[in-house]
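To keep things clear, I will list the structure first and then write my remarks on it.
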Amino acid sequence: MAITITAFERSPDGGKGLARDTRVRWALEEVGQPYEVRYVSFKAMKEPAHLALHPFGQIPTYEDGDLVLFESGAIVFHIAENFAGLFSSDANARSRAISWMFAAVNSIEPSILEFSNARLFEGDKPWAQERMPLVVARMHDRLKQLAARLGQNEWLDGEFSAGDLMMVSVLLRLKPSGVINDFPSLAAYVTRGEERPAYKRAFAAQLAVNGPK
Ligand code: GTB
C-alpha cells in the first residue's frame with residue numbers, strides 16, 4: 001500500500017504552499033518515495049474518521065500500512081529515519097539535524113505563528129497596536145540569533161538535512177509579510193531551499209490543487 005498523507009481539500013493560502021502538508025511532500029520528494037494524498041475538508045477534519053488519525057482534527061497525517069502519524073515534525077523525522085537522503089550516516093551529524101528540527105518547530109515557529117496570528121486575525125482588537133511591537137521584537141530576536149548561527153553557510157550544519165527542510169519550511173511563512181527580507185541571509189537560505197528540485201515538485205503538487213483554477 002502506498003504512503004498516504006492528508007492535505008487541505010483547498011488551502012486557504014491559495015497555493016502559496018504554507019500549509020504543513022508541503023513539508024511532508026517535500027521530505028517524501030527528497031527521499032524519492034511515491035505517495036498519495038487524501039484531501040480533507042475543514043468539516044471532515046473534525047469528524048470521527050479523521051479524528052481517529054489526528055487527535056486535533058488537523059492535517060497533515062501520514063499512513064503507511066498499520067502506521068498512522070500526525071505532527072509534521074514527527075512525520076518528517078519518520079521519513080528521514082526510514083529512507084536515505086535527509087539524515088547523515090554520521091550519528092552526531094544526525095543528532096544535530098534532529099536538534100535543528102526541534103529548533104524549527106519549538107524555538108522558531110512559535111514566534112512566527114504568534115506574529116502571523118496577530119497580523120491576520122487580531123488587527124481589529126483594541127490591544128492589537130500596543131501588542132504588535134512586542135510580538136515583532138520576540139520574533140526578530142529569534143531570527144537574529146538564527147541568522148547569526150547560519151552565517152554565510154549554505155545550510156545549518158554541513159550538508160542539507162531534515163533540519164534544514166524543517167527550518168526553511170517554517171521560515172517560508174515569513175514571505176507574505178515581507179519580514180524575511182529584513183534578514184537577507186535567511187531570505188537567501190529560504191531561496192536555496194525553494195530551489196531544490198524536490199521542493200519544486202512538492203510545491204507544484206500542492207499548487208495544482210490549491211492554486212487559481
Ligand atoms: N503542529 C501541527 C503540525 O506541525 O502538523 C500543526 C498542524 C496544523 O496547524 N494544521 C493546520 C490545520 O489542519 C494546517 S497547516 N488547520 C485546520 C484546523 O486546525 O482546523 C496551518 C496553516 C493553515 C493555513 C495556512 N495558510 O493558509 O496560509 C498556513 C498554515
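Remark on Arg38: its backbone amide H falls under 5 Å from those of Ile5, Thr6, Ala7, a criterion applied only to residues 5 or more positions apart or on other chains, H modelled at 1.01 Å from N.
Within the listed set Asp141, Asp157, Asp66, the residue fluctuating most in the Gaussian network model of the chain (springs between alpha-carbon atoms under 10 angstrom) is Asp66. Solvent-free Debye calculation, one equal scatterer per alpha-carbon of the range 48-94: log10 I(q)/I(0) at 0.31 Å⁻¹ equals -1.14. When the chymotrypsin sites (Phe, Trp or Tyr not before Pro) in the range 111-143 are filtered for DSSP coil states and for at most 14 other beta-carbon atoms within 10 Å of their beta-carbon, the remaining sites are Trp127. Each label was represented as a point 7 Å from its Cα along the Cα-to-Cβ direction; for Ala2 and Leu207 these points are 2.1 nm apart.
Computed from the C-beta positions of Asn92 and Arg131, the FRET efficiency with R₀ = 45 Å rounds to 0.65. Comparing Cα centroids, the range 42-60 and the range 154-213 end up 27 angstrom apart. Sequentially through the range 151-156, phi angles give Karplus couplings (6.51, -1.76, 1.60; θ = phi - 60°) of x, 9, 6, 6, 10, 6 Hz, Gly and Pro residues having no value and appearing as x.
How many percent of Cα pairs in the range 132-190 exceed 19 Å? Value for the range 132-190 (Cα pairs over 19 Å): 24 percent.
Of the residues Leu156, Leu172, Leu51, the one that moves most in a GNM of the chain with alpha-carbon contacts below 10 Å is Leu51. So what's the projected area for the chain, the Cα convex hull averaged over all directions, in nm²? Spelled out: convex hull of the Cα atoms, projected over all directions, averaged, 12.7 nm². Treating each Cα of the range 26-116 as an identical point scatterer and summing with the Debye formula, the log10 of I(q)/I(0) at q = 0.10, 0.11, 0.13 Å⁻¹ comes to -0.33, -0.39, -0.55.
A Förster radius of 41 Å combined with the Cβ-Cβ distance from Gln152 to Arg38 puts the calculated FRET efficiency at roughly 0.45.
Counting only residues at least eight positions apart within a chain, or on another chain, the lysines with an alpha carbon under 30 Å from that of Lys43 are Lys16, Lys125, Lys175, Lys200, Lys213. Qualifying chymotrypsin sites (Phe, Trp or Tyr not before Pro) in the range 40-105, where qualification requires a DSSP coil assignment and no more than 12 other C-beta atoms within 10 Å, comprise Phe56. Our helix-only sum for the chain, with -39,500 (n - 2.57) per DSSP H run of n ≥ 4 divided by its residues, gives a mean residue ellipticity at 222 nm of -16000 deg cm²/dmol.
Scanning the chain for long hydrophobic helices, with DSSP H runs required to stretch 20 angstrom or more by C-alpha along their axis and to average at least -1.0 on the Kyte-Doolittle scale, returns 128-150.
All distinct Cα pairs of the range 91-196 go into the 1/r average, and the inverse of that average, the Kirkwood radius, is 14.3 Å.
Every read-out reported here was derived from the displayed coordinates using simple, explicitly stated rules and does not represent laboratory data. All of these numbers come straight from a predicted model, not from anything done at the bench. Neighbour counts are summed over all protein chains in view; Cβ atoms, including those assigned to glycine, are modelled from backbone coordinates with ideal geometry.
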